[in-house]
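The values are calculated or read from the model by the stated rules, or taken from the named source; none is laboratory data. On a predicted model such as this, the values are computed, not experimentally measured, just so you know. No Cβ is skipped: glycine too gets one built from the backbone with ideal geometry, and neighbour counts run over all protein chains shown.
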Amino acid sequence: MRNAGLGPWIRKRRVKSGNKPAVIHAGRELGYADMADRVDRLAGALQARGIASGDRIAYLGNNHPAYLETLFAAGLIGAVFVPLNTRLAAGELAYQLTDSGSRLLIHASELAELAQRAVEGTAVQDRWSVGATAAGAASYEEAISGAEPTATDVPVSLDDPAIILYTSGTTGRPKGAVLSHGNMTWNSFNVIVDYDVPASEVALMIAPMFHVASLGMGALPTLLKGGTLVLQDRFDPGEVLAAIERHRITSLSGVPTTYQLLAEHPTFATTDISSLVKLTCGGSAVPARVSEAYEARGLSFSNGYGMTETAPGATALLAEHSHEKAGSSGLPHFFTDIRIVEPGGGIAPPGGDGEIQISGPNVISRYWQLPQASEQAIVDGGWLRSGDIGHVDEDGFLYVSDRLKDMIISGGENIYPAEVETVIMELPQVASVAVIGVPDEKWGEVPRAVVELFDHAELDAAGLQAHLDGRLARYKIPRTVEIVGELPRTASGKIRKAALRTRITAPAAPEGGQDPSRT
């Protein structure tokens, strides 16, 4: 076999796993044998349409078997898969379609209008609709049913591009991270080794797979081991809890808000979650009151650190270390290395802060059509500059301080918002918080806390600042506090601080009188 990439994975599982459920979605169960047949036929349909090795195929839709079928079918014929964020506007999607040079867009039928607007003026030649028929689009199901399974064995190496996944683009245009077949394969090995993924895994996928965390840390490792994916196309706490009980879910991944909403749901206490073995969390640390709610039911969290460019895992903090190394993002994954680089270029000693850099076979080698950005991000023969600040302790555990770009410099003092946010989250009234820097005539910039409260909770600036006084240096205490109904978030649940920064010219939030003095 000349194809060493992701494409043949399901085909190989046809023999090893047969009719074992590969994917369950909306009451439909798809076994490995049936899924392999559909992937082969979809690959044949793509070839019949003229899609060849190196061509790009875009997908716009929430979690659905068609997403995975398209990914694997593209891999079988050497094409490149381009997943698109369903929350983007038509213009943003058009940019990614144009930049990637995608020839075909496969989309959910409910997103047909958005897809039609997005392809205008791009190189996209066809649209295929998953689900109901859509104006101007061919039927995805008819394409599969009317095609012969692909009979070719296209040469694909681990170094060939598998996916172009666009980063969030907090500054300037989004960059297309070129994730190779090797990047995704080795990341899956990392997950399987460090999280001990069994063939009996039943993973509930609630985060959208168009984000690399859901795809790389959940879907692909589970399918590689022959486990079962249960897909949900939207997050509803009650439905998630019901699915855990119905399907005997063993593994669940999410962000802190995900677990918080589940723990607060009225049926949490009565739902049978005894099948759960593994809870993994990304994005930020789990607040103590949330972790305590799960520990009361015999469950502990694993968390980690990573990014799109690392496919996405860089480190993992397993549940057995969660108390001993509280606040840490864990050890490097088995086939991955990290180092801390000081501003002057030297390697920081244990405990010394610097930029976190990552290397390994799961790390990208380039951005799509951006050689200069690639050279700036990937240095010294393969070390990725993360843009994050952190340190490692004597045992090699990583502690992430903050994003370089999020760091606030107030009167010459560096303030890491994550540190301030962690202490604010101790307040029982606070559901979520983001700390950003706002301009200040005296200090250059000072911190502002943008706070989302629980329903019916009350908190003012003075109360928040009083809580921080004595826990943090005075210059770290937010000068202003803004209470909002809901913080802006990405589809994966992360707070969009860039969106908050665009609002810093808004009228000043309540003053509490704290001065970021050095005393």
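Need at least 2 residues that are aliphatic (A, V, I, L, M) and farther than 28 Å from Met307 by Cβ per element, so show me which helices (runs of 4 or more DSSP H) inside region 131-246 make the cut, counting only ones lying wholly within it.
Here the list reads 140-145.
What about Ala263, is it of a type in the set (A, V, I, L, M, F, W, C) and either assigned to a helix (DSSP H, G or I) or surrounded by 21 or more Cβ atoms within 10 Å (Cβ to Cβ) (or both)?
Criteria met by Ala263.
Within region 379-396, does at least one residue satisfy the condition of being buried (at least 19 other Cβ atoms within 10 Å of the Cβ) and not in a strand (DSSP E or B)?
The answer is no, given that none of the residues of region 379-396 is buried (at least 19 other Cβ atoms within 10 Å of the Cβ) and not in a strand (DSSP E or B).
Being at pLDDT 95 or above, within 14 Å of Gly330 (Cβ to Cβ) and either among the β-branched types (Val, Ile, Thr) or more than 23 Å from the chain's Cα centre (by Cα) (or both) is the filter here, so list the residues in region 367-400 that pass it.
Result: Val392, Asp393, Asp395, Gly396.
Check off (1) farther than 23 Å from Tyr294 by Cα; (2) out of contact with any Gly (no Cβ under 9 Å at 6 or more places or on another chain) for Phe210 and give me the number that stays unchecked.
(2)
Consider Pro237 carefully, then state whether it is surrounded by fewer than 20 Cβ atoms within 10 Å (Cβ to Cβ), more than 19 Å from Gly78 (Cβ to Cβ) and not acidic (Asp, Glu).
Taking the combined requirement at face value, the residue satisfies it.
Name the residues in region 1-30 that are without any contact (Cβ under 8 Å) to a residue 60 or more places away in the chain, within 20 Å of Ala74 (Cα to Cα) and of a type in the set (Gly, Ala, Ser), would you?
none
Among (1) of a type in the set (A, V, I, L, M); (2) within 20 Å of the chain's Cα centre (by Cα); (3) at pLDDT below 95, there is one condition Ala132 misses while meeting the rest; what is its number?
(2)
From Asp34, Asp40, which residue is touching a residue at least 24 places away in the same chain (Cβ under 8 Å) and either in the same structural domain as Ala243 (by TED's automatic domain parsing) or of a type in the set (Asp, Glu) (or both)?
None of the others qualify; the one that does is Asp40.
For Ser53, state whether it is crowded, with 18+ Cβ neighbours inside 10 Å and assigned to a loop (DSSP other than H, G, I, E, B).
Criteria not met by Ser53.
Out of the residues in region 94-119 meeting the condition of being among the hydrophobic types (A, V, I, L, M, F, W, C), in contact with a Gly (Cβ under 8 Å, 6 or more places away or on another chain) and part of a strand (DSSP E or B), tell me which one is surrounded by the fewest Cβ atoms within 10 Å (Cβ to Cβ).
Result: Ala108.
With respect to Asp40, determine if the residue is under 23 Å from Trp368 (Cβ atoms), modelled with pLDDT of 95 or more and of a type in the set (D, E, K, R).
no
Would you mind stating whether Tyr67 is assigned to a helix (DSSP H, G or I) and touching a residue at least 60 places away in the same chain (Cβ under 8 Å)?
Here the answer is yes, as Tyr67 does meet what is asked.
Is at least one residue of region 401-413 in a loop (DSSP other than H, G, I, E, B) and farther than 18 Å from Leu500 by Cα?
Yes, region 401-413 has at least one match.
Pairs under 6 Å by beta carbon, first residue under 19 Å from Ala269 (Cβ atoms) in region 228-257, partner in a helix (DSSP H, G or I) and hydrophobic (A, V, I, L, M, F, W, C), six or more apart or different chains?
Sorted first by the residue in region 228-257, then by its partner, the pairs are Pro237/Leu261; Pro237/Leu262.
Any idea which of (1) within 30 Å of Gly101 (Cβ to Cβ); (2) surrounded by 15 or more Cβ atoms within 10 Å (Cβ to Cβ); (3) hydrophobic (A, V, I, L, M, F, W, C) is the one Phe335 doesn't satisfy?
(1)
Under 6 Å between Cβ atoms, which residue pairs at least 6 apart in sequence (or on different chains) link something in region 384-399 that is within 11 Å of Met307 (Cβ to Cβ) and touching a residue at least 24 places away in the same chain (Cβ under 8 Å) with a partner that is hydrophobic (A, V, I, L, M, F, W, C) and in a loop (DSSP other than H, G, I, E, B)?
Leu384/Val363
Hand me the list of strands (runs of 3 or more DSSP E) wholly inside region 268-369 holding 2 or more residues that are small (Gly, Ala, Ser).
Qualifying strands (runs of 3 or more DSSP E): 301-306, 313-317, 354-359.
Please find, within region 70-96, the residue that is farthest from Val230 (Cα to Cα) out of those that are polar (S, T, N, Q) and touching a residue at least 40 places away in the same chain (Cβ under 8 Å).
So the residue we want is Gln96.
Residues of region 139-157 being buried (at least 17 other Cβ atoms within 10 Å of the Cβ) and without any contact (Cβ under 8 Å) to a residue 60 or more places away in the chain, which ones?
Ser139
Thr122 - would you say it is out of contact with any His (no Cβ under 8 Å at 6 or more places or on another chain), at pLDDT below 95 and either surrounded by fewer than 21 Cβ atoms within 10 Å (Cβ to Cβ) or assigned by TED's automatic domain parsing to the domain that holds Gly493 (or both)?
It is false that Thr122 is out of contact with any His (no Cβ under 8 Å at 6 or more places or on another chain), at pLDDT below 95 and either surrounded by fewer than 21 Cβ atoms within 10 Å (Cβ to Cβ) or assigned by TED's automatic domain parsing to the domain that holds Gly493 (or both).
List the number of the failed condition for Gly91; all other conditions in (1) of a type in the set (Gly, Ala, Ser); (2) surrounded by 24 or more Cβ atoms within 10 Å (Cβ to Cβ); (3) assigned to a helix (DSSP H, G or I) hold.
Condition not satisfied by Gly91: (2).
Go through region 39-50 and give me each residue that's closer than 11 Å to Ala73 by Cα and in contact with a strand residue (DSSP E or B) (Cβ under 8 Å, 6 or more places away or on another chain).
Leu46
Out of (1) within 30 Å of Asn63 (Cβ to Cβ); (2) touching a helix residue (DSSP H, G or I) at 6+ places or on another chain (Cβ under 9 Å); (3) without any contact (Cβ under 8 Å) to a residue 40 or more places away in the chain, the odd one out for Asp406 is which?
(3)
Taking only region 97-115 into account, find how many residues are in contact with a helix residue (DSSP H, G or I) (Cβ under 7 Å, 6 or more places away or on another chain) and touching a residue at least 40 places away in the same chain (Cβ under 8 Å).
The total comes to 4.
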